[in-house]
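Report on the structure given below.
Laboratory data are not the source of any read-out in this text; all were calculated from the coordinates shown. Only a predicted model underlies this, so the values are computations on that prediction, with no experimental measurement involved. Because the Cβ atoms are built from the backbone with ideal geometry, glycine has one as well, and the counts that use them run over all protein chains shown.
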Amino acid sequence: MRSSLNKMEHMQETENLSVELMTADDWPAVRTIYIEGIVTGNATFETSASGWEAWDAAHLCTCRLVARLCDETIGWAALTPVSGRCVYAGVAEVSIYIAKRMCGRKVGQRLLAALVEKSEEQGIWTLQAGIFPENIASIEAHKRCGFRVVGVREKMGKMNGVWRDVVLMERRSRIL
């Protein structure tokens, strides 16, 4: 009974969720959420968050979104080009991070679905994601948004002296 009540509370809480284009003004909240992801040890190989200028230069301007709940930024998603070569102009890598306190409430799935839609509007035909195998929630959210597991890249990098594998996922546009 309590589990059902919690689910209903979470659904009501996220009814007011909006997904909007990210602006430079969102950077402090975006950076804070990213740092929360870094701290988990299961979100990225990065050990610190860059400044706005470096982050801005690395991500596609047209595919940056934030999730807001009652005007509070609770998640973000953005795309990074996989290559500077024009033949790969329609291929991008997904980054998606949700505030720790909002995990498990389908915020990531809603944000990722919006990012997929936005990417297709911008002519992106392939999205890829590299996810630590321990991050099961992210893998499942990606699957629900049409991504498939392509394979596992073994020993992609070391964290704290330990080799980490990465699950490679991709989604091909169904309209492009």
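Brief remarks follow.
- Residue exposure sequence - TYR88, TYR97, TYR34 - by fewest surrounding Cβ within 10 Å: TYR88, TYR34, TYR97
- Residue with peak Gaussian network fluctuation, the chain [Cα springs, cutoff 10 Å], from ASN135, ASN16, ASN160: ASN160
- Projecting the Cα positions of PRO133, TYR88, GLY161 onto the charge dipole of region 70-171 (unit charges on Cβ atoms of Lys, Arg, Asp and Glu, taken about the Cα centre) puts GLY161 furthest along the positive direction.
- Set of aspartates and glutamates near LYS155 by C-alpha distance (under 15 Å), chain-local residues within fewer than 8 positions excluded: GLU134, ASP165
- Ascending count of other beta-carbon atoms within 10 Å, so fewest first, for ARG153, ARG105: ARG153, ARG105
- For the options VAL30, VAL91, VAL152, a Gaussian network treatment of the chain with springs between C-alpha atoms closer than 10 Å singles out VAL152 as fluctuating the most.
- When each of PHE147, PHE132 is scored by the number of other beta-carbon atoms lying within 10 Å, the sequence from fewest to most is PHE132, PHE147.
- Between ALA57 and MET159, the simple label model (points 7 Å from Cα in the Cβ direction) yields a spacing of 2.6 nm.
- Straight-distance candidates among the aspartates and glutamates for linking to LYS158, with alpha-carbon spacing under 14 Å and chain neighbours fewer than 8 residues away dropped: GLU46.
- Estimated purely from DSSP H runs of n ≥ 4, each contributing -39500 (n - 2.57), the mean residue ellipticity at 222 nm for the chain is -10000 deg cm²/dmol once divided by its residues.
- About its Cα centre, the chain has a charge dipole of approximately 680 debye under the convention of +1 per Lys or Arg Cβ and -1 per Asp or Glu Cβ, with nothing else charged.
- Matching label, Rg and Dmax of the Cα atoms in Å computed from the structure shown, candidates (1) 16.1, 55; (2) 18.2, 72; (3) 17.4, 62: (1)
- Residue of LEU115, LEU79, LEU17 that the Gaussian network model of the chain assigns the largest fluctuation, springs spanning Cα pairs under 10 Å: LEU17
- Spatially proximal lysines relative to LYS118 (Cα-Cα < 20 Å; intrachain offsets below 8 disregarded): LYS106, LYS143
- Where both bridge residues fall in the chain, DSSP classifies roughly 90% of the beta bridges as antiparallel.
- Using the Cβ-Cβ distance between ARG85 and GLU15 with R0 = 45 Å, the FRET efficiency computed as 1/(1 + (r/R0)^6) comes to roughly 0.55.
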